[in-house]
Amino acid sequence: MISYKVIGVMSGTSLDGIDLAYIHFQKEAQWSFKILEAETIPYAKTLENKLREAIHYEKEKLAECDTSYTKYLAETIQSFIKKHKITEIDAVCSHGHTILHQPENGITYQIGNQEILASLIQQKVVCDFRVQDVKLGGQGAPLVPIGDELLFPEYDYCLNLGGFANVSFHKDGKRIAYDICPVNIVLNKYAKQLGFAYDDKGNLAKSGTYLLALGSELSNIPYYKQQPPKSLGLEWVQKEIFPRLEASRRKEIDLLRTFTDHIALQIARNFKIRTKILVTGGGAYNDYLLAKIKFYKEVNLVKPADELIEYKEAVIFGFLGILRLRDEVNCLKSVTGATKNHSSGKIYNLKVN
Ligand SMILES: Nc1ncnc2c1ncn2[C@@H]1O[C@H](COP(=O)(O)OP(=O)(O)OP(=O)(O)O)[C@@H](O)[C@H]1O
Ligand SMILES: CC(=O)N[C@H]1[C@@H]2OC[C@@H](O2)[C@@H](O)[C@@H]1O[C@H](C)C(=O)O
């Protein structure tokens, strides 16, 4: 039987921290996995702010930031290995942190993917999964859908509610996937202005008032009518979303309500009635948002165990690394729009001196 033990490492767009998962993957007729250990290491406030600011850095400062973040990642991975007494590791498969994502300009840039990572942690590393896809004319995102396809075939849709909402599903014999709209990247901002890290269970939104004019203005944003492949980044949110919310000059609580309803509506539009949907990402804990999705479309939203809600992306980046090591396809052209299916990611082997 084919068997791999890997560490998947992901830093999501909501900037809550670094997700690490130690997973055992096996393949008989089909791939299966078991999460053996998982942990999120929250970012210190200073680092969180730095990562948020890095988009504005000049080239040199960004390169410095890349090196210091790679070192920070190395320390984090090493502590995880030590703490959980992990001895068998085939590879550490790491996403890094997205700073720039403008696939239309041929740019996607994740920091933390420097070659020194392998020597610092003394492990084989697979990383930098997005760049090759953008070079091949793809969006470089989302990459998780190949994992959805091979690890969760029993669901009609896989919905992830992280910084952004993304969905993946099977249609006309191929996997389709795209980012739907921003989620926590927006909700966290207004929850923070009210003194909370996030809108727990969506209770703040629930107590706000829906702003009809703003809601319909948001729904008219052209991206929502665009056909996939398509993906979103922070730059888009700063251009299309925040200015509209700020210009309305309304209370944070009402912005939270309006934007949460907006998210629910945009998400619900993607589903066929009475389908089975795997919901993951921290937004799966937003009860108000989930109830609102079901209000807009009668669907079966399945919340898996907390471990999978929180670590699905880290698990799948571990899986992408395995596919890369096996030289098997881990980027689907039907999803990203690249010119071909391909096996993406840099492999840094440990150099034996
Ligand atoms: N109890 C809760 N109620 C509502 N929202 C929650 C709750 N717990 C976590 N969240 C939200 O989930 C976010 C973290 O989600 P997650 O870790 O999936 O995002 P991410 O991995 O950073 O994003 P992405 O998948 O877009 O890269 C938190 O910042 C918060 O907004
Ligand atoms: C460029 C980038 O980092 N994109 C992330 C981001 O966060 C969510 C969404 O936007 C998704 O497109 C992607 O991550 C997931 C894990 C993916 O590639 O499947």
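The values are calculated or read from the model by the stated rules, or taken from the named source; none is laboratory data. From a predicted model like this one, the values you see are computed outputs, not experimental measurements. In this analysis, Cβ positions are derived from the backbone assuming ideal geometry, glycine residues included, and neighbour counts consider all displayed protein chains. What goes into the accessible areas is simple: the full protein's heavy atoms, side chains included, and nothing from ligands, DNA or RNA. Shrake-Rupley method; radii C 1.70, N 1.55, O 1.52, S 1.80 Å.
Below, the figures for the structure above:
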| item | result |
| --- | --- |
| Filter on K5/K312; K34/K85; K174/K294; K45/K83; K59/K333; K174/K340 - keep pairs with C-alpha separation over 21 Å | K174/K294; K45/K83; K59/K333 |
| Cα centroid of segment 323-353 to Cα centroid of segment 242-317, whole Å | 30 |
| Rel. contact order, % - alpha carbon contacts under 8 angstrom, at least six apart, segment 1-112 | 29 |
| Theoretical gain in end-to-end length, E298 to E28 [0.36 nm per residue, Cα-Cα removed] | 93.6 nm |
| Gain in span if fully extended, L36 to K174, counting 0.36 nm per residue against the direct Cα distance | 46.6 nm |
| Carbon plus sulfur fraction of accessible area for segment 146-307, probe 1.4 Å, in percent | 51 |
| Charge dipole magnitude, Cβ of K and R +1, D and E -1 - the chain, Cα centre, debye nearest 20 | 520 |
| Per residue solvent-accessible surface (Å²) - segment 146-307, probe of 1.4 Å | 45 |
| Q227/K272 FRET efficiency (R0 25 Å; Cβ-Cβ; nearest 0.05) | 0.90 |
| Segment 146-307 - percent relative contact order, Cα under 8 Å, separation 6 or more | 29 |
| DSSP-defined antiparallel bridges as percent of all bridges, segment 146-307, nearest 5 | 65 |
| Label point at A213 placed 7 Å out along Cα→Cβ; residues across segment 227-256 whose backbone nitrogen lies under 15 Å | 244-251, 255 |
| Cα long-axis angle, helix 252-268 against the chain (0 to 90 degrees, to the nearest 10) | 70 |
| Too-long pairs where the Cα-Cα distance tops 19 Å, listed order kept, from K71/K192; K251/K297; K61/K135; K201/K292 | K71/K192; K251/K297; K61/K135 |
| 12 Å Cα-Cα reach of K303 towards aspartates and glutamates, excluding residues that sit fewer than 8 places from it in its own chain | D287 |
| Cross-link reach list, aspartates and glutamates versus K239, counting only Cα pairs under 17 Å and skipping chain neighbours closer than eight places | E53, E104, D179, E217 |
| With 20 Å bins from 0: P(r) over the chain, alpha-carbon pairs, percent | 31, 60, 9, 0 |
| Efficiency of FRET between F196 and A247 - r from beta-carbon atoms, R0 25 angstrom, step 0.05 | 0.60 |
| Between segment 34-106 and segment 152-200, the Cα center-to-center distance that results, in Å | 21 |
| Chain lengthening between E154 and E115 when straightened (0.36 nm per residue, less Cα-Cα) | 10.3 nm |
| Relative contact order (%) - criterion: Cα under 8 Å, at least six apart; region: the chain | 21 |
| Burial order of peptide ranges 91-101, 318-328, 168-178, 125-135 (average beta-carbon count within 10 Å, highest first) | 91-101, 125-135, 318-328, 168-178 |
| Per-residue ³J(HN,Hα) for segment 180-193, Karplus 6.51 cos²θ - 1.76 cosθ + 1.60, θ = phi - 60°, Hz, x for Gly and Pro | 8, 6, x, 10, 5, 4, 8, 4, 4, 4, 7, 4, 4, 5 |
| Which of F33, F80 is most accessible, then next, and so on - probe 1.4 Å | F33, F80 |
| Cut-off under 5 Å, modelled amide H: who pairs with I18 long-range | I41, Y43 |
| Cα lying deepest toward the dipole's positive end in the chain, options F129, N286, H97, charges on Cβ | N286 |
| Solvent-accessible heavy-atom area per residue, rounded to whole Å², over segment 73-137 at 1.4 Å | 44 |
| Distance between modelled label sites at K85 and E60, nm, 7 Å Cα→Cβ extension | 4.9 |
